[in-house]
Amino acid sequence: MSAVTAELVPPSSAPADPAGDVVIRQHLIDPEICIRCNTCEEACPVGAITHDERNYVVKPDVCEGCMACVPPCPTGAIDNWRRILKSAAYPIAEQFLWDELPDEAPLPEGIADGTTPSQAEAEATAQAEALVASAASFGSPEPVAATAAKRLGSTIKPWSAAHPYANLYGPKNPVTATVVGNYRVTEADASSVTHHIVLDFGAMPFPVLEGQSIGIVAPGVDARGKPHHPRQYSVASPRNGERPGYNNVALTVKRVTVDHQGRPVTGVCSNYVCDLKKGDTVQVTGPFGTSFLMPNHPRSNLLMICTGTGSAPMRAMTEYRRRLRASGKFDSGRLMLFFGARTEQELPYFGPLMKLPRDFIDVNLAFSRTPGRPKRYVQDLLRERAADVLELLKDENTFVYVCGLKSMEEGVVAALRDAAGQGGMAWDALAAKLEREGRLHLETY
């Protein structure tokens, strides 16, 4: 994915050449390691980042150089810079065609390189380094860092989360996994089709945590004759495997047959994955993600809100806690789940979910298209259970996770705001505190 932000360095640090040109530090996104997760576009507060069917780009005439896009990036693809004359800056049209970043070319003879990183860039880099340090810690709260991104949600992990390994395998060195299971988890009469796929990595190391994601590389080439870039899918299994003690992971994949406007379309990777047979091999990249992780300390509460395949990380977290509970060695806190789908038949894992003990997890289901019944969404259930939600929000050991379609985010946040308000808590201050402490995580698409 190529992206560009032409960040002008202050005039005192960007010497002019005889023609009046200036040296800039052009912001580029590495198309080789970018996973097209849309995090940067969501994080940008001014709408400077956009994308086509292949690459993301940053509009140089819109970008303000605030660096809000850098800390949330799960791969570091966005943190690349090139010193270049402003007149020679890489245009967006060219970057849309890139498969890899160009090497930095030497400046023309006689042009001094006096550029220095802007204050925003330095602060963002420092924050990114702090996030790396946070990811390597365990057992005690980290000092709170200033949040550059204006987008709601933490970019640091819970203080007690396990150390996440990330970016072990990229598009140039994917790891091969073997399909050991593939079955449908929505009812046969449902209008949408969702599959549960289990991939085994054999002897190849592939450590993952609940909340992380992986990339799947579909075979073949795109309309431009280029290899397909990896598609990102959240892991739906616990850290010790879909089958305990095995080096495998599970995914929850919806077969894409229409786009967001309802027009017929065939999702390249989703259809490929849903059609996989036992014994097939798959090229995998990742794992990705260092912040959307679950706490490990006793009596920590999980408030989980999801729709559709956004249930994948919630399933992983719930199953890990279920296994800990079965071992009798972990004092679990409260688990509360708000899960939305169009109908009961379209809700993934409906059967197994309803078999979980009520004293283990508090399940609340919302269906928006059940014939003969009024539409209900997860935010409606949050309001109905506002007293219990408030109790959790007041608890310093509560961690909030939201995953699903982008359209759910506004309603969910409004419902959380209302619940907090019932207890006299100012949501803006509470949300900021939750973010600083790694206790509010949103992953919407």
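The values are calculated or read from the model by the stated rules, or taken from the named source; none is laboratory data. What you see is a predicted model, and the numbers here were worked out from it, not measured in a lab. Virtual Cβ from ideal backbone geometry, glycine too; neighbours counted across all protein chains shown.
Inside segment 242-253, can you point out the residues that are assigned to a loop (DSSP other than H, G, I, E, B) and either modelled with pLDDT of 95 or more or over 19 Å from H163 (Cα atoms) (or both)? Break it down stepwise before answering.
Start the filter on segment 242-253 by keeping residues that are assigned to a loop (DSSP other than H, G, I, E, B), which leaves 242-247.
Selection gives E242, R243, P244, Y246, N247.
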Would you mind telling me which numbered condition in (1) free of Cβ contacts under 8 Å to residues at least 24 places away in the same chain; (2) crowded, with 18+ Cβ neighbours inside 10 Å G421 fails? (2)
Mind checking which residues of segment 414-445 are at negative phi and either in contact with a His (Cβ under 6 Å, 6 or more places away or on another chain) or among the small types (G, A, S) (or both)? A414, A415, A419, A420, G421, G423, A426, A429, A431, A432
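Mind listing whichever residues of segment 308-321 are more than 14 Å from the chain's Cα centre (by Cα) and either surrounded by fewer than 17 Cβ atoms within 10 Å (Cβ to Cβ) or at pLDDT 95 or above (or both)? Break it down into steps so the answer makes sense when it comes.
If we filter segment 308-321 for residues that are more than 14 Å from the chain's Cα centre (by Cα), which is where we start, we get 308, 315-321.
Within segment 308-321, R315, A316, M317, T318, E319, Y320, R321 meet the criteria.
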T281 passes all but one of the listed conditions (1) of a type in the set (S, T, N, Q); (2) buried (at least 18 other Cβ atoms within 10 Å of the Cβ); (3) over 21 Å from the mean Cα position of the chain (by Cα); the exception is number (2)
May I ask you to list the residues in segment 317-337 that are under 16 Å from D362 (Cα atoms) and among the small types (G, A, S)? S332, G333
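Of I84, I156, I111, which residue is under 23 Å from the mean Cα position of the chain (by Cα) and either within 30 Å of R342 (Cα to Cα) or at pLDDT 55 or above (or both)? Give the steps one after another, and end with the answer.
Numbers: I84 fails: under 23 Å from the mean Cα position of the chain (by Cα); I111 fails: under 23 Å from the mean Cα position of the chain (by Cα).
On inspection, the qualifying residue turns out to be I156.
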Does segment 255-287 hold any residues that are at pLDDT 95 or above and charged (D, E, K, R), and which are they? D275, K277, K278, D280
Among the candidates E443, E391, E435, single out the residue that is within 18 Å of the chain's Cα centre (by Cα) and either at pLDDT 95 or above or β-branched (V, I, T) (or both). E435
Looking at segment 285-306 only, could you name the residues that are within 17 Å of the chain's Cα centre (by Cα) and not in a loop (DSSP other than H, G, I, E, B)? T285, G286, P287, F288, M304, I305, C306
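Condition test on A48, is it at pLDDT 80 or above, out of contact with any strand residue (DSSP E or B) (no Cβ under 9 Å at 6 or more places or on another chain) and closer than 29 Å to N167 by Cα? Don't jump to the end; show me each part of the working.
On the way: at pLDDT 80 or above: yes; out of contact with any strand residue (DSSP E or B) (no Cβ under 9 Å at 6 or more places or on another chain): no; closer than 29 Å to N167 by Cα: yes.
Judged against the criteria, A48 is not a match.
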Count, please, the residues in segment 322-343 that happen to be more than 17 Å from G245 (Cα to Cα) and within 26 Å of the chain's Cα centre (by Cα). 12
Filter segment 190-241 down to residues that are in contact with a Phe, Trp or Tyr (Cβ under 6 Å, 6 or more places away or on another chain), under 20 Å from Y272 (Cβ atoms) and part of a loop (DSSP other than H, G, I, E, B), then give me how many there are. 1
Strands (runs of 3 or more DSSP E) wholly in segment 34-94 with at least 2 residues that are buried (at least 21 other Cβ atoms within 10 Å of the Cβ) - which ones? 56-58
Quick one: in segment 224-256, of everything that is without any contact (Cβ under 8 Å) to a residue 40 or more places away in the chain and of a type in the set (G, A, S), which residue is surrounded by the most Cβ atoms within 10 Å (Cβ to Cβ)? G241
Are any residues in segment 394-413 of a type outside the set (D, E, K, R) and either within 22 Å of Y445 (Cβ to Cβ) or crowded, with 22+ Cβ neighbours inside 10 Å (or both), and if so, which ones? F399, V400, Y401, V402, C403, G404, L405, S407, M408, G411, V412, V413
